[in-house]
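What follows draws every value from the coordinates through simple rules; no lab data is involved. Just so we're clear, the structure is a prediction, and the values are computed from it rather than from any experiment. All Cβ positions, glycine included, derive from the backbone under ideal geometry; neighbour counts span all protein chains shown.
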Amino acid sequence: MESIYILILINVLVFVGVNIRPEFIDTLGLTPAIVWSHPWQIVTSMFTHYAFFHIIANMWTLYFFGGAVLQILGARRFWIIYMIGGIAGSLVYILLGDKFSTAIGASGAVFALGGALAVLRPNMRVIFFPIPAPIPLWLGIVGGFIILSFLSGIAWQAHLGGLAFGAAMGWYYKRHSFDAYRWS
């Protein structure tokens, strides 16, 4: 769980910094039109949040999805999925998002963890608010992606990139790793 706490701490520190100095969003957030002169944005945007609900939702989901992925695959694979999944989300946002709109948040990386988990444990029963009955994990993750995609101001492209990368990694680890089978 140390890996998750480190990520939460980094996100909270950047959140505090951005709320003290909102102009940091222009430097840390991902704006496709200027990313070639600001390439760090592909990574820094994954740690940048401005709204309180945004960081709470992402860190809450990171804690639960991340904890399960850590338990199944271990810290090294968790970091691979999280970081490269977040970068994949940024790249898909660059390709499909509004060139002049700035995207921030850990959602692409968190959706990567969710995508991996949905492939590794698709039938795990979970409760997703506001549904009162347990549903299969894969349905909750895909349903969450679809619902969020219709909300205004959501960078669904980053979610898609992270989700696709995470699902591909989940499939790879399920097919090629003894560790992925030990909890099946």
*Helix by helix, which DSSP H runs in the chain go 20 Å or more along their axis at the Cα atoms and have an average Kyte-Doolittle hydropathy of 1.0 or more?*
2-20, 52-73, 75-96
*Modelled label-to-label distance, Phe150 and Trp60, 7 Å Cα→beta-carbon offset: nm?*
2.1
*Among Thr27, Thr102, what is the fewest-to-most ranking by other Cβ atoms within 10 Å?*
Thr27, Thr102
*Taking only DSSP H segments of four or more residues, each worth -39500 (n - 2.57), what value at 222 nm results for the chain once the sum is divided by all its residues, to the nearest 500 deg cm²/dmol?*
-21500 deg cm²/dmol
*Round to a whole angstrom and tell me the spacing of the C-alpha centers of the stretch 79-124 and the stretch 26-66.*
11
*Just one of [x] 16.9; [y] 16.4; [z] 31.8 is Kirkwood radius over Cα pairs in Å as worked out from the coordinates here. Which one is it?*
[y]
